[in-house]
1. Filter region B:77-102 down to residues that are of a type in the set (Gly, Ala, Ser) and surrounded by fewer than 20 Cβ atoms within 10 Å (Cβ to Cβ) and give me whichever is nearest to residue B:127 (Cα to Cα).
2. Name every residue in region B:263-293 that is under 17 Å from the mean Cα position of the chain (by Cα) and hydrophobic (A, V, I, L, M, F, W, C), in order of residue number.
3. Hey, does region A:27-34 have a residue that's surrounded by 13 or more Cβ atoms within 10 Å (Cβ to Cβ), modelled with pLDDT of 95 or more and assigned to a strand (DSSP E or B)?
4. Filtering region A:197-230 down to residues that are in contact (Cβ under 8 Å) with a residue 40 or more places away in the chain and closer than 17 Å to residue A:265 by Cβ, which residue is nearest to the chain's Cα centre (by Cα)?
5. Tell me which residues, restricted to region A:212-239, are surrounded by 19 or more Cβ atoms within 10 Å (Cβ to Cβ) and more than 12 Å from every other protein chain (Cβ to nearest Cβ).
6. Report yes if some residue within region B:50-67 is within 14 Å of chain A (Cβ to nearest Cβ), touching a helix residue (DSSP H, G or I) at 6+ places or on another chain (Cβ under 8 Å) and of a type in the set (Phe, Trp, Tyr); otherwise report no.
7. Identify, please: which residue in region A:271-285 is among the acidic types (Asp, Glu) and within 10 Å of chain B (Cβ to nearest Cβ) and is, among those, surrounded by the fewest Cβ atoms within 10 Å (Cβ to Cβ)?
8. Within region B:80-139, which residues are closer than 19 Å to residue B:334 by Cβ, in a loop (DSSP other than H, G, I, E, B) and of a type in the set (Phe, Trp, Tyr)?
2 protein chains.
Amino acid sequence: MTVPENRQFRLKARPTGRIERSHFDFATQPAPEPGPGQALVRVQYLSLDPTNRIWMSDMDQYMPPVAIGEVMRGGGIGVVMKSESDRYQVGDHVMGLTGWQDYCLADEGENAMAVLPANLPIPLSAMLGACGMTGLTAYFGLLEIGRPQVGETVLVSAAAGAVGSVVGQIAKIRGCRVVGIAGGEAKCRYLLDELGFDAAVDYKASDWREQLAAATPDGIDVNFENVGGEIMEAVMARMNLFGRMPLCGMISGYNSGEPMRADFSSILMRRIEVRGFIVSDFMDRFPAATQELATWYLEGRLKHQETVIDGLEQAPEAVNLLFDGGNRGKLVVRVSDD
Amino acid sequence: MTVPENRQFRLKARPTGRIERSHFDFATQPAPEPGPGQALVRVQYLSLDPTNRIWMSDMDQYMPPVAIGEVMRGGGIGVVMKSESDRYQVGDHVMGLTGWQDYCLADEGENAMAVLPANLPIPLSAMLGACGMTGLTAYFGLLEIGRPQVGETVLVSAAAGAVGSVVGQIAKIRGCRVVGIAGGEAKCRYLLDELGFDAAVDYKASDWREQLAAATPDGIDVNFENVGGEIMEAVMARMNLFGRMPLCGMISGYNSGEPMRADFSSILMRRIEVRGFIVSDFMDRFPAATQELATWYLEGRLKHQETVIDGLEQAPEAVNLLFDGGNRGKLVVRVSDD
């Protein structure tokens, strides 16, 4: 085959505030040639996540920041076009850190990509969402750190987002009262009517604090935290004794460059457990959890919602949707056709 | 016997900032007469603790605040003078919430006071300190929430104080590298020379941040937090992946009346577990833990240090020593002789 062109976003400058196309070089070069033990992968879907914003910055973070000049880091799914590795067969769908580009190389060893089973009864993009890393993030954060009990009240912020929507649905499966915080009436209706939440709080409404109080008459036992800031503080002030708070993200603070401060006093007085995590902390248990998520999905108990943006060239601006509340469910960029 | 006089501190006004004698009425009245199932206790030692300051305020807290007009709440040890209960014998030493007064009544049932064993080989005041509630606070916070492993670095703030000094000594017994933060050179020397800490950081020195960095070359695995504020934030910024942070107190914030805010980002990025607690959360395990503390004490592995203030009338002003760093080890008021 002729060598295809590979478009790449390379980080040019660290954004302060919103992400602009001008923070990147969008360069074209020939796709790389796989060496021994490698495969060439055509990227199909990119997963856009709040962590992309963190990686662009040089704030304290759990992986090294993307270096200036480096291809922007990002998760995705692709198809193997050419292989010099026994691990990858041409036509295999693979998932991993593809980067923001049309083509990437899959390696063996530590940085190998996951090969998806053939004839998967689940759409590829759902493997980035409810049945993939996003679903696993919700699954482990809620079940391992939140440890919800039947009848307890579970609150989740950014509830109409990729992780939040799965958290709420799993909490319902586990017999909890589920309250979601989301922006705008349409999203709140979606939580109640489509996802089966028990109550929704519209943080864009001027009476959101009253809505929060009304939605949690028995307090809050588990707060799955995605947002940070004043909403997190208001939620923490309503937590019950011995509440648990999986800290998944604080998206409201990523653009500011300021310390993400909040009141610790309820942690002390209510004896709350706050624990930060990232999904890879639970990597050894991915297979069984993925199986459970896929089963729920196929049984119709776990819905996958997504917002698809077409075209690799849209990736930088599209990340801002996560911070503006512009997406519903999983945000992906379609880079090429299935 | 003639009815003795009972002096009592009753809360008159909630302090803002420092505690003054004028926040209390200091009234004298006849000691109460024990009814059926009660005993009259002469108070010997009062335990002064940061929580006294919390109880005087109306901030969000784990017990109801002391009401205006009520006898100030406080823990202590006393001796039974008269008994109408099979639980208490005249001459027994008892421990519990005596209140800030010369005499109190001991009840049966839920609010019963603990009867100390006769011929205890441990000084009475140590039963309020290293071998009592203070020691238990250190014990459960460190071992249950901190879960220190051999060779890990344990940091404790207010390290020369009642709880902090026990935390550090238990961490040494468990084979950890122990770093204490305390105010002034004398306290730092005490940590190193008397208590066997590996390093000490003087927060009153202008270079305390550099001292902290130098004292924790491998980061911090467990932060036993007593202080809050900017010291807590600086410590959290040096915590290792999967660090644990028992949140015992935030004494730097109790006088201000302001929210006790600090940066949450290291909780997220380093996947730290922060958990608030109070010692009574572990009440069902007090007997075995007290036994272990007493054994360490009698073996000379756990030292009890105390600062004794003479006279009930000193109690209000004496609490301020906890906030000024004016005490070393356990702060008690001697109300009457053993």
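The values are calculated or read from the model by the stated rules, or taken from the named source; none is laboratory data. Keep in mind that this is a model prediction, so the values were computed, not measured. A quick note on method: Cβ atoms are made from the backbone with ideal geometry, for glycine too, and the neighbour counts reach across all protein chains shown.
1. Of everything passing the filter in region B:77-102, B:96 is nearest to residue B:127 (Cα to Cα).
2. B:277, B:278, B:279, B:282, B:283, B:286, B:289, B:293, listed by residue number.
3. Checked region A:27-34: no residue is surrounded by 13 or more Cβ atoms within 10 Å (Cβ to Cβ), modelled with pLDDT of 95 or more and assigned to a strand (DSSP E or B).
4. That would be A:225.
5. Correct list: A:212, A:215, A:216, A:220, A:221, A:222, A:223, A:224, A:231, A:235.
6. Scanning region B:50-67, I find at least one residue that is within 14 Å of chain A (Cβ to nearest Cβ), touching a helix residue (DSSP H, G or I) at 6+ places or on another chain (Cβ under 8 Å) and of a type in the set (Phe, Trp, Tyr), so the answer is yes.
7. Residue satisfying both the conditions and the ranking: A:281.
8. Matches in region B:80-139: B:100 only.
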